[in-house]
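This report concerns only the one structure given below.
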Amino acid sequence: MPLAVAGGTRTTCAGATAKVSDHMKFVINQYVQDAMRFTPGTVTVKSGCTLTFAFATPKQDEPHSLSIVNQSDLPKTAAQMENCKICGQIRAKLVKHPAQPPGPNNPVVHWIMNVGKPGLDAPGDSIVIFEAKGSPPGRRSMTIRVSAPAGKILYFMCGLHSWMQGKIVVT
């Protein structure tokens, strides 16, 4: 419903949230199953509205990015995930030493990376959440405007955990 403002009308803008959920399951000497994921995997956001990227629970401290990529860059096989070229490119922009995991000796240097218009609208745009003991103060959540036009689908992934993938449907 439009809101009346001086000189015209303004539409309301309800933002959306994508959370990082994690759960690890293992059986000694058999397997480890890492269930880190974005929830929901598909987020619908109105163009010009905001997206909040946050941890799902208070005790999470693993670093994550929500990085816009071309759909063709999303790894689809185990081999592609283990040798993820786009992940290296994302890490190179976000942390001091891309070959090392973020932490006390490898700080996040860019919490927000914008390559297009301000906000999420183009491959290369990224935001990071991270809060680990011994690290510089981080961010448990980040909110950013989705500036892509209505009708666009933005594909995203975590540049640090290549199996974490999703999409933003812009309306």
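Please determine, by comparing only the residues of segment 11-24 that are closer than 16 Å to GLU62 by Cα and in a strand (DSSP E or B), which one is farthest from the chain's Cα centre (by Cα).
Residue satisfying both the conditions and the ranking: MET24.
Here is a check on your reading of the model: is PRO2 over 17 Å from GLU131 (Cβ atoms), modelled with pLDDT under 90 and in contact with a helix residue (DSSP H, G or I) (Cβ under 8 Å, 6 or more places away or on another chain)?
No; evaluated as a whole, the condition is false for this residue.
Hey, any hits in segment 89-107 for a residue that's of a type in the set (Lys, Arg), within 18 Å of SER47 (Cα to Cα), more than 11 Å from the chain's Cα centre (by Cα) and surrounded by fewer than 19 Cβ atoms within 10 Å (Cβ to Cβ)?
Scanning segment 89-107 turns up no residue that is of a type in the set (Lys, Arg), within 18 Å of SER47 (Cα to Cα), more than 11 Å from the chain's Cα centre (by Cα) and surrounded by fewer than 19 Cβ atoms within 10 Å (Cβ to Cβ).
If a residue must be of a type in the set (Lys, Arg) and over 13 Å from GLN71 (Cα atoms), how many such residues does segment 144-171 contain?
Of the residues in segment 144-171, 1 are of a type in the set (Lys, Arg) and over 13 Å from GLN71 (Cα atoms).
Can you pull out every residue in segment 35-47 that is in contact (Cβ under 8 Å) with a residue 60 or more places away in the chain and assigned to a strand (DSSP E or B)?
Passing the criteria: ARG37, PHE38, THR42, VAL43, THR44, VAL45.
Would it be correct to say that SER141 is small (Gly, Ala, Ser), touching an Asp or Glu at 6+ places or on another chain (Cβ under 9 Å) and closer than 18 Å to PRO40 by Cα?
no
Could you list, in sequence order, the residues of segment 41-60 that are exposed (fewer than 14 other Cβ atoms within 10 Å of the Cβ) and modelled with pLDDT of 90 or more?
Selection gives GLY41, THR42, THR44.
Please give the number of the condition LYS133 fails out of (1) at pLDDT below 85; (2) farther than 18 Å from PHE55 by Cβ.
Unmet condition: (2).
Output the residue which, of all residues in segment 11-34 that are at pLDDT 85 or above and among the aliphatic types (A, V, I, L, M), is surrounded by the most Cβ atoms within 10 Å (Cβ to Cβ).
The residue in question is VAL20.
The values are calculated or read from the model by the stated rules, or taken from the named source; none is laboratory data. Nothing here was measured: the structure is a model prediction, and the numbers come from that model. Every residue, glycine as well, gets a Cβ built from its backbone with ideal geometry; the counts of neighbours run over all protein chains shown.
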